[in-house]
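S.K.: Provided herewith is a single structure, encoded as C-alpha cells, for subsequent inquiry.
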Amino acid sequence: MAMNETKWAKHYSSDHEILLVGEGDFSFSVSLANVFGSASNIVATSFDSKVDAMTMKHHPDLRNRKFDRIVYNFPHAGFCGDERNLRVINKHRNLVGGFFENSSHMLRPRGEVHVSHKTTGPFVTWNIEDLASRSSLALVECVGFNISDYPGYQNKRGDGSRSNEPFHLGKCSTFKFILSKKSNCSRQQPHEISSVRGNAGNMISNRRITYYGDSFLEICRWYDDL
C-alpha cells in the first residue's frame with residue numbers, strides 16, 4: 001500500500017485540510033484520524049478550547065488559515081428552554097448564522113461547509129439554508145447522516161448537568177454548502193423570527209404563522225451556475 005494513498009471517511013479525505021467546530025469529546029475527529037492514519041490534516045476545536053464559532057475567523061490560530069472542509073456537527077446554543085420556544089429557536093439561528101459568516105471567509109477554492117442537523121420537529125424551523133445564503137453560501141447537496149459511518153463517534157449534549165450524555169439523533173442530514181459566485185441578495189445578518197409552523201401544519205407556537213413549508217420569511221434563492 002502506498003504511503004501517500006488517499007483515504008476516505010465518508011465525505012472527508014486525508015487530502016483535505018479539515019476544520020471541525022464545536023467538537024464535544026473530540027470523538028468525531030478521532031474517528032476521522034483513525035481512518036486517515038493521522039490527524040495532521042485536522043484542526044479540531046470546541047468552546048472549551050476557547051474557539052467561538054461566531055468569531056473564529058479572528059482567532060490567532062485560525063485567522064491566516066483556509067480549509068477544504070469546515071464541519072459543524074449538530075450546532076446547538078445550549079439547553080436554555082423548550083426547543084419549540086421562539087426565543088430558543090432564534091438563539092440557535094444566531095449561532096448557526098454566525099458560524100456561516102465566519103466559515104465563508106475561511107474556505108479554500110472549491111471548499112465546502114458541512115452542517116449535520118436534525119430534520120424533524122422544531123429543528124427544521126432553524127432553516128439553515130436561509131442562514132447560509134445570508135453569507136453567500138449555497139446548498140449543493142443534502143445527504144442523510146448515519147452515525148455508523150464514523151466508528152467511535154459519540155454525539156454529546158455538551159451543555160448543562162448532562163453534558164456528557166448523548167442526545168437522540170432521529171432523522172438528520174449533512175448539509176453541504178459552497179461559496180456562491182453570484183447571488184441575488186447581499187450578505188445579511190440572520191433576523192429573528194416571530195412565529196413558526198411545522199411542515200405538516202402543526203402549530204409550534206401559539207402566535208401568528210409566518211412559516212409554511214418552503215416559504216420562510218425572506219429566503220434568498222440562487223440562480224447562478226455553481
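S.K.: Within segment 135-144, can you find the residues that are buried (at least 22 other Cβ atoms within 10 Å of the Cβ) and of a type outside the set (S, T, N, Q)?
M.R.: Of everything in segment 135-144, just one residue is buried (at least 22 other Cβ atoms within 10 Å of the Cβ) and of a type outside the set (S, T, N, Q), namely 137.
S.K.: Could you list, in sequence order, all residues of segment 134-149 that are assigned to a helix (DSSP H, G or I) and touching a residue at least 12 places away in the same chain (Cβ under 8 Å)?
M.R.: Restricting attention to segment 134-149, the residues satisfying the condition of being assigned to a helix (DSSP H, G or I) are 147-149.
Matches in segment 134-149: 147, 149.
S.K.: Being modelled with pLDDT under 95, buried (at least 19 other Cβ atoms within 10 Å of the Cβ) and among the charged types (D, E, K, R), is that true of even one residue in segment 50-63?
M.R.: no
S.K.: Looking at this structure, is residue 71 on the phi < 0 side of the Ramachandran plot and either surrounded by 22 or more Cβ atoms within 10 Å (Cβ to Cβ) or part of a strand (DSSP E or B) (or both)?
M.R.: Values: on the phi < 0 side of the Ramachandran plot: yes; either surrounded by 22 or more Cβ atoms within 10 Å (Cβ to Cβ) or part of a strand (DSSP E or B) (or both): yes.
In short, yes.
S.K.: Name the residues in segment 58-68 that are part of a loop (DSSP other than H, G, I, E, B) and in contact (Cβ under 8 Å) with a residue 24 or more places away in the chain, would you?
M.R.: Here is the first cut: in segment 58-68, the residues part of a loop (DSSP other than H, G, I, E, B) are 59-66.
Result: 62, 65, 66.
S.K.: Residue under question is residue 37, and the condition is that it be out of contact with any strand residue (DSSP E or B) (no Cβ under 8 Å at 6 or more places or on another chain) and at positive phi; does it hold? So that I can check it myself, show each step before the final result.
M.R.: On the way: out of contact with any strand residue (DSSP E or B) (no Cβ under 8 Å at 6 or more places or on another chain): yes; at positive phi: yes.
Taking the combined requirement at face value, the residue satisfies it.
S.K.: Could we say that residue 98 is exposed (fewer than 15 other Cβ atoms within 10 Å of the Cβ) and over 29 Å from residue 151 (Cβ atoms) here? Before the answer, list the steps.
M.R.: Numbers: exposed (fewer than 15 other Cβ atoms within 10 Å of the Cβ): no; over 29 Å from residue 151 (Cβ atoms): yes.
Against the criterion (exposed (fewer than 15 other Cβ atoms within 10 Å of the Cβ) and over 29 Å from residue 151 (Cβ atoms)), residue 98 does not qualify.
S.K.: Also, quick follow-up: Within segment 107-133, track down each residue that is surrounded by 19 or more Cβ atoms within 10 Å (Cβ to Cβ) and not in a helix (DSSP H, G or I).
M.R.: 107, 111, 112, 113, 114, 115, 116, 117, 118, 127, listed by residue number.
S.K.: Are any residues in segment 14-29 crowded, with 18+ Cβ neighbours inside 10 Å and outside any loop (DSSP other than H, G, I, E, B), and if so, which ones?
M.R.: Those that are crowded, with 18+ Cβ neighbours inside 10 Å and outside any loop (DSSP other than H, G, I, E, B): 18, 19, 20, 21, 28, 29.
S.K.: Which numbered condition trips up residue 88, out of (1) closer than 16 Å to residue 47 by Cα; (2) without any contact (Cβ under 8 Å) to a residue 60 or more places away in the chain; (3) part of a helix (DSSP H, G or I)?
M.R.: (1)
S.K.: May I pose another question? Please enumerate the residues belonging to segment 30-49 that are of a type in the set (A, V, I, L, M, F, W, C) and either surrounded by 16 or more Cβ atoms within 10 Å (Cβ to Cβ) or not in a loop (DSSP other than H, G, I, E, B) (or both).
M.R.: If we filter segment 30-49 for residues that are of a type in the set (A, V, I, L, M, F, W, C), which is where we start, we get 30, 32-33, 35-36, 39, 42-44, 47.
Result: 30, 32, 33, 35, 36, 42, 43, 44, 47.
S.K.: Output the residues belonging to segment 1-13 that are surrounded by fewer than 20 Cβ atoms within 10 Å (Cβ to Cβ) and not small (Gly, Ala, Ser).
M.R.: Matches in segment 1-13: 1, 3, 4, 5, 6, 7, 8, 10, 11.
S.K.: For segment 142-155, does any single residue satisfy the condition of being at pLDDT below 95 and closer than 20 Å to residue 16 by Cα?
M.R.: Looking for residues that are at pLDDT below 95 and closer than 20 Å to residue 16 by Cα, one finds at least one in segment 142-155, hence yes.
S.K.: Given the condition at pLDDT below 95 and over 17 Å from the mean Cα position of the chain (by Cα), answer yes or no: does some residue in segment 36-46 qualify?
M.R.: Scanning segment 36-46 turns up no residue that is at pLDDT below 95 and over 17 Å from the mean Cα position of the chain (by Cα).
The values are calculated or read from the model by the stated rules, or taken from the named source; none is laboratory data. Keep in mind the model is a prediction, meaning the values are calculated, not measured. Glycine gets a Cβ as well: all are built from the backbone with ideal geometry, and neighbour counts include every protein chain shown.
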